[in-house]
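First up is the structure itself, then whatever we jot down about it.
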Amino acid sequence: MSHPIDVRNQQLYDLEQFAVPQAVKNDLQGILLPQGLIDNRVARMGEEIAKNYAYGNTLAICVLNGAQHFYQQLLNSVFPSVHNDIQLESIKCCSYDGTKSTGEVQINGLDFTAVRGKNVLVVEDIIDTGLTLSKLAQKLYEHDPLSLEIACLLDKRERRNPQATVKPEYTGFIIPDRFVVGYGLDFNGRYRLLPHLGVLKEEIYQK
Ligand code: IMP
């Protein structure tokens with residue numbers, strides 16, 4: 001359905017070519033995706049989603065905290081083309097400690113009764129092992145949605161756990177197995193405001 005842009009073999013852009021605060025620059029290897037490219041790709045994903053949810057009874061769930069910026073941008077491009085309101089909810093899924101997945105997923109913050117009979121769109125920033133979204137999708141299905149689709153901005157396909165069942169309907173970019181920050185994604189709460197997607201230096205998360 002979606003045609004993700006594959007940047008797994010792409011060289012990083014030089015940090016000197018972009019407006020990035022010096023303190024953040026020191027911690028990055030380079031820029032993988034500049035803001036303008038991400039924004040336009042997200043607008044295109046929004047067009048596809050708008051077509052499929054035009055008359056829906058839609059519930060759009062933001063997976064906090066990393067997807068917040070993506071969710072906002074995506075829905076800004078979906079909303080003007082739909083004929084109904086969209087119900088907005090968010091959910092918190094925790095499986096990460098720094099850059100390592102703990103393998104255990106905790107899900108909080110949603111009244112699951114809101115899911116029944118709805119066309120549910122889950123909006124996630126990045127799929128890594130895929131275990132978080134597989135667990136979340138499984139839990140949502142237990143509450144009888146009319147339909148369930150997933151939009152994710154970034155897919156680290158090489159890292160997928162064989163037990164992960166998740167297959168997103170809309171994907172922005174396929175990225176290499178490197179730890180990325182910016183465009184809402186963080187490392188221990190930092191770098192979310194960086195407008196581009198940058199690659200974090202290994203020495204920062206191996207300290
Ligand atoms: P999964 O269960 O391994 O797919 O984990 C997905 C979650 O891991 C995402 O929602 C992010 O919070 C986090 N994550 C995975 N890779 C990265 C990364 O490169 N940067 C920031 N967060 C990441």
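The values are calculated or read from the model by the stated rules, or taken from the named source; none is laboratory data. Remember, predicted model here, so these are calculated numbers, not experimental data. Counting neighbours? That spans all protein chains shown, and the Cβs are built from the backbone with ideal geometry, glycine included. Note: areas computed on protein heavy atoms with side chains; ligands, DNA, RNA excluded. Shrake-Rupley method; radii C 1.70, N 1.55, O 1.52, S 1.80 Å.
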For the stretch 119-132, give me the residue count where each residue is within 6 Å of the ligand (Cβ to nearest atom) and among the hydrophobic types (A, V, I, L, M, F, W, C).
3
Among what's in the stretch 150-180 and is more than 27 Å from residue 28 (Cβ to Cβ) and buried (at least 19 other Cβ atoms within 10 Å of the Cβ), pick the residue that is nearest to the ligand (Cβ to nearest atom).
166
Out of all the residues in the stretch 194-206, is one or more open to solvent by less than 40 Å² (accessible area, probe 1.4 Å), closer than 30 Å to residue 118 by Cα and within 11 Å of the ligand (Cβ to nearest atom)?
no
State the number of residues belonging to the stretch 133-149 that are assigned to a helix (DSSP H, G or I) and either more than 16 Å from the ligand (Cβ to nearest atom) or in contact with a helix residue (DSSP H, G or I) (Cβ under 8 Å, 6 or more places away or on another chain) (or both).
3
Looking at the stretch 93-112, which of its residues are outside any strand (DSSP E or B) and either modelled with pLDDT of 80 or more or surrounded by 14 or more Cβ atoms within 10 Å (Cβ to Cβ) (or both)?
99, 109, 110, 111, 112
Among (1) hydrophobic (A, V, I, L, M, F, W, C); (2) closer than 23 Å to residue 49 by Cβ; (3) at pLDDT below 95; (4) in contact with a Ser or Thr (Cβ under 7 Å, 6 or more places away or on another chain) - the single one residue 133 does not satisfy:
(4)
Give the stretch 148-190 a look and list any residue that's hydroxyl-bearing (Ser, Thr, Tyr) and at pLDDT 95 or above, or say none.
170, 171, 183
Could you tell me which residue of the stretch 23-47 is most open to solvent (accessible area, probe 1.4 Å), considering only residues that are in a helix (DSSP H, G or I) and in contact (Cβ under 8 Å) with a residue 40 or more places away in the chain?
35
List the residue pairs whose Cβ atoms are under 6 Å apart, where the first residue sits in the stretch 147-161 and is under 16 Å from residue 136 (Cβ atoms) and among the charged types (D, E, K, R), the second is part of a loop (DSSP other than H, G, I, E, B) and open to solvent by less than 10 Å² (accessible area, probe 1.4 Å), and the two are 6 or more positions apart or on different chains.
160/130
Failed item, numbered, when residue 115 is tested on (1) away from the ligand (no atom under 13 Å from the Cβ); (2) open to solvent by 20 Å² or more (accessible area, probe 1.4 Å); (3) touching a residue at least 40 places away in the same chain (Cβ under 8 Å); (4) within 21 Å of residue 89 (Cβ to Cβ)
(2)
